[in-house]
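What follows is a single structure, written as structure tokens, with notes after it.
The values are calculated or read from the model by the stated rules, or taken from the named source; none is laboratory data. These figures come from a predicted structure and were not determined experimentally. Backbone-built Cβ (ideal geometry, glycine too); neighbour counts: all protein chains shown. Side chains are part of the model used for accessible areas, which takes the heavy atoms of the whole protein and leaves out ligands, DNA and RNA. Shrake-Rupley method; radii C 1.70, N 1.55, O 1.52, S 1.80 Å.
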Amino acid sequence: MNRNARIAVWVVAILTSAVAAGQMTAPTPAPELKKLDYFTGAWTTEATIPSGPWGNGGKFTDNVSAQWMKGDFFLVAHADFSLPAELGGAGAGISIVGYDSDKKVYTEERFDSLGRRVVMTGTLDGDTWKWTGENNMGGMTINSRITMKMVSPTSYTSKYEVSADGGSNWLPFWEGKATKK
């Protein structure tokens, strides 16, 4: 193939790619993601941790600021929290919440300054969110579930439960209330 023929093939390939790219539409966020708008902004949580296998229990507090990542596919939340000292004390965390359209569930992946990583999936039924997951705490696999009931546009209650036996026996880890600032 001579030089001019190669240039012509190259130009046609570029133009074809440009036309194809121009016809592609940008992805749009799943409509289910709009339900997460409720959690945008600044929130404060206060909860009580009962005594249990983890120790004497005490108070849990959490200050969260959440906003949409550019594109509106993921909600990103930054948190400063405080647990009883025997549970790790004060720390910070980040979570990324989205929606899996194939599985029809909300997703959350959370990391904190105490070295924990939590992965959960959630559903919304009316005014109640239910999240379940599995994580590793001190070398032990812990199942967790949290139920969040939206009681107003600026507050929700939460109940967090844990299980170390695969989900047969659940222990209450905290019950509390979150308020939007």
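Of note:
- Residue count for the range 55-73 satisfying the condition of being open to solvent by less than 50 Å² (accessible area, probe 1.4 Å) and over 21 Å from Trp131 (Cα atoms): 4.
- Of residues in the range 163-172 being in a strand (DSSP E or B) and open to solvent by 30 Å² or more (accessible area, probe 1.4 Å), the one farthest from Tyr38 (Cα to Cα): Leu171
- Cross-chain or 6+ apart pairs with Cβ under 6 Å, the range 151-162 first and outside any strand (DSSP E or B) and β-branched (Val, Ile, Thr), then open to solvent by 20 Å² or more (accessible area, probe 1.4 Å) and modelled with pLDDT of 95 or more: Thr154/Lys180
Conditions tested, residue by residue: (1) within 24 Å of Val151 (Cβ to Cβ); (2) of a type outside the set (Ser, Thr, Tyr); (3) modelled with pLDDT under 95.
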residue: Phe81; (1), (2), (3): yes, yes, no
residue: Gly91; (1), (2), (3): no, yes, no
residue: Thr121; (1), (2), (3): yes, no, no
residue: Leu124; (1), (2), (3): yes, yes, no
residue: Trp131; (1), (2), (3): yes, yes, no
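- Residue under evaluation Asp37, criteria (1) surrounded by 15 or more Cβ atoms within 10 Å (Cβ to Cβ); (2) at negative phi; (3) at pLDDT 95 or above, criterion not met: (1)
- Long-range neighbours under 8 Å by Cβ, at least six apart or interchain, first residue over 14 Å from Glu109 (Cβ atoms) within the range 73-87, second open to solvent by 90 Å² or more (accessible area, probe 1.4 Å) and not aromatic (Phe, Trp, Tyr): Ser82/Lys59; Pro84/Asn56; Pro84/Lys59; Glu86/Asn56
- Enumeration of residues in the range 95-104 that are more than 18 Å from Met150 (Cα to Cα) and surrounded by 14 or more Cβ atoms within 10 Å (Cβ to Cβ): Ser95, Ile96, Gly98, Tyr99
- Any chance Ala42 is loosely packed, with under 15 Cβ neighbours inside 10 Å, within 30 Å of Lys104 (Cβ to Cβ) and small (Gly, Ala, Ser): yes
- The number of residues in the range 111-129 being touching a Gly at 6+ places or on another chain (Cβ under 6 Å) and open to solvent by 50 Å² or more (accessible area, probe 1.4 Å) comes to 3.
- Selected residue (only one of Asp100, Asp72 is touching a helix residue (DSSP H, G or I) at 6+ places or on another chain (Cβ under 7 Å), at pLDDT 95 or above, closer than 17 Å to Asp37 by Cα and not aliphatic (A, V, I, L, M)): Asp72
- The lone exception for Met148 - which of (1) open to solvent by 60 Å² or more (accessible area, probe 1.4 Å); (2) assigned to a strand (DSSP E or B) it fails: (1)
- Every pair of residues 6+ apart whose Cβ atoms lie under 6 Å, when the first sits in the range 46-67 and is among the hydroxyl-bearing types (Ser, Thr, Tyr) while the second is open to solvent by less than 50 Å² (accessible area, probe 1.4 Å) and modelled with pLDDT under 95: Ser51/Gly57
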